[in-house]
Amino acid sequence: MRTVSLDTKVIGTLVNSTTLKYLTYLTQDKATGTLYLVNKNSIHRVSDEDRVITWIAGAKKSGYLDSTLLLSRFDEVCDLTLVGSDVIIAADSGNDRLRLLNLDSQHLFKG
């Protein structure tokens with residue numbers, strides 16, 4: 001993932017990862033600076049402090065399953081919306097559903 005400074009016109013590397021090959025969407029928690037990334041069927045968090053990538057939701061295999069965040073399955077997440085600091089709404093386009101991720105309880109609920 002690259003950064004571009006419009007002021008200095010300098011391009012830099014924000015996150016260097018060989019596992020995130022299908023980045024389709026990102027959003028930022030403006031209060032903490034934390035980035036949330038969609039990598040096709042999984043959702044990842046990038047800490048503003050140390051730039052460590054953490055896999056937070058979505059099994060490696062696509063599909064549909066409401067479960068704990070890491071066991072849940074998505075089919076092409078196309079959008080994320082943050083609701084406070086503990087809830088993410090994911091638009092799961094392949095399953096035609098809005099999915100509610102509760103970061104505190106570590107569970108996913110269908111919408």
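The values are calculated or read from the model by the stated rules, or taken from the named source; none is laboratory data. Quantities reported herein were computed from a predicted structural model and do not represent experimental measurements. Using ideal geometry, Cβ is built from the backbone for each residue, glycine included, and neighbour counts are taken over all protein chains shown.
When the stretch 41-60 is examined, which residues are found to be part of a strand (DSSP E or B), of a type outside the set (D, E, K, R) and surrounded by 14 or more Cβ atoms within 10 Å (Cβ to Cβ)? Break it down stepwise before answering.
Kept after step one, since they are part of a strand (DSSP E or B), are these residues of the stretch 41-60: 42-46, 53-57.
Adding the requirement that they be of a type outside the set (D, E, K, R) leaves 42-44, 46, 53-57.
Answer for the stretch 41-60, where residues must be part of a strand (DSSP E or B), of a type outside the set (D, E, K, R) and surrounded by 14 or more Cβ atoms within 10 Å (Cβ to Cβ): 42, 43, 44, 46, 53, 55, 56, 57.
Looking at the stretch 61-101, which of the residues that are among the polar types (S, T, N, Q) and not in a strand (DSSP E or B) is surrounded by the fewest Cβ atoms within 10 Å (Cβ to Cβ)?
Just the residues of the stretch 61-101 that are among the polar types (S, T, N, Q), to begin with: 62, 67-68, 72, 81, 85, 93, 95.
Checking the rest, the ones that are also not in a strand (DSSP E or B) come to 62, 67, 72, 85, 93, 95.
Details: 62: 17, 67: 14, 72: 26, 85: 12, 93: 14, 95: 18.
Selected residue: 85.
Which residue out of 88, 43, 11 is modelled with pLDDT under 90 and aliphatic (A, V, I, L, M)? Quick ask: steps written out before the conclusion?
Working: 88 fails: modelled with pLDDT under 90; 43 fails: modelled with pLDDT under 90.
Sole residue among the options that is modelled with pLDDT under 90 and aliphatic (A, V, I, L, M): 11.
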- Is at least one residue of the stretch 79-90 touching a Lys or Arg at 6+ places or on another chain (Cβ under 8 Å) and either touching a residue at least 40 places away in the same chain (Cβ under 8 Å) or closer than 20 Å to residue 22 by Cβ (or both)? yes
- Out of the residues in the stretch 17-40 that are modelled with pLDDT under 85 and touching a Lys or Arg at 6+ places or on another chain (Cβ under 9 Å), state the one that is surrounded by the fewest Cβ atoms within 10 Å (Cβ to Cβ). 21
